[in-house]
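Visitor: Just dropping this structure here.
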Amino acid sequence: MIDEKKIEEAVKLLLEGMGEDHAREGLAETPARIARMYKEIYAGYEEDAAVHLSKTFHVETGEMVVEKDIVFYSMCEHHLMPFFGKAHVAYIPDGQVVGLSKLARLVEVFAKRLQLQEQLTAQIADALMEHLMPKGAMVVIEAEHMCMTMRGVKKPGSKTVTMATRGVFAEDANLQQNFFRMLERE
């Protein structure tokens, strides 16, 4: 999906638009460098969340599974600037669990696309529900947005927190509170 040649041409135009000479020594390789970088940071477009959630293991328990502090980096679709932070993912199994690394991979699939934090949070929860089919899922993301910290209002250190609840998590405030208590533990 990533067309490196088009990205290179676009970067050349961007540099020209800024009054730069894209052929000068310091910038000559920048368009190709940016194209390779975009292929890496937007790799989520070429991945399917279902692949990461397809290998499951049978369990007898129906207790909450939490993977917290999953570090991610994404790009804001409004300004094409980074936002980054931590995702906390929980689900209540309905007979099946997935390997813990797969939860981190699930976050990466959606983070490596142009995003809104609110949308990212919902996509992770929805993918869990659709492909793992647990009794419920809950995702909390806290992130710092460079479009707020280095431009515009310029408030470094401010964090945006979003939450998505599905299934039993949407119905049970006590379950949500248990999740938040687990996040506080070190």
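Visitor: Restricted to the stretch 24-47, and to residues that are among the small types (Gly, Ala, Ser) and part of a helix (DSSP H, G or I), which residue is nearest to Lys86 (Cα to Cα)?
Guide: So the residue we want is Gly44.
Visitor: Please give the number of the condition Val65 fails out of (1) over 9 Å from the mean Cα position of the chain (by Cα); (2) in contact (Cβ under 8 Å) with a residue 40 or more places away in the chain.
Guide: (2)
Visitor: Another question, if that's okay. Based on what the data block shows, is Thr61 polar (S, T, N, Q) and surrounded by 15 or more Cβ atoms within 10 Å (Cβ to Cβ)?
Guide: no
Visitor: While we're on this one: Between Arg151, Arg166, which is modelled with pLDDT under 95 and on the phi < 0 side of the Ramachandran plot?
Guide: Arg151
Visitor: A further question follows. Do we have Glu108 as under 17 Å from Phe179 (Cα atoms), of a type outside the set (A, V, I, L, M, F, W, C), open to solvent by 40 Å² or more (accessible area, probe 1.4 Å) and not in a strand (DSSP E or B) here?
Guide: When the stated conditions are applied, Glu108 does not pass them.
Visitor: If I filter the stretch 48-56 for residues that are in a loop (DSSP other than H, G, I, E, B), of a type outside the set (S, T, N, Q) and closer than 26 Å to His145 by Cα, do I get at least one hit?
Guide: Yes: one or more hits.
Visitor: On to the next question. Would you please list the contacts, defined by Cβ atoms under 6 Å and residues six or more apart or on different chains, that run from a residue in the stretch 134-160 that is within 30 Å of Gly99 (Cα to Cα) to a residue that is at pLDDT 95 or above and open to solvent by 90 Å² or more (accessible area, probe 1.4 Å)?
Guide: Pro134/Asp94; Lys135/Asp94; Val140/Met163; Glu142/Lys159; Glu142/Val161; Glu144/Lys159
Visitor: Tell me whether the stretch 113-123 contains one or more residues that are farther than 18 Å from Lys159 by Cβ and in a helix (DSSP H, G or I). Give the steps one after another, and end with the answer.
Guide: The first filter runs over the stretch 113-123 and keeps only residues farther than 18 Å from Lys159 by Cβ, leaving 113-114, 122-123.
Applying the additional criterion that residues be in a helix (DSSP H, G or I) yields 122-123.
Scanning the stretch 113-123 turns up at least one residue that is farther than 18 Å from Lys159 by Cβ and in a helix (DSSP H, G or I).
The values are calculated or read from the model by the stated rules, or taken from the named source; none is laboratory data. Note that the structure is a prediction, hence the values are computed from the model and not measured. In this analysis, Cβ positions are derived from the backbone assuming ideal geometry, glycine residues included, and neighbour counts consider all displayed protein chains. Heads up: the accessible areas ignore ligands, DNA and RNA and are worked out on the full protein's heavy atoms, side chains in. Shrake-Rupley method; radii C 1.70, N 1.55, O 1.52, S 1.80 Å.
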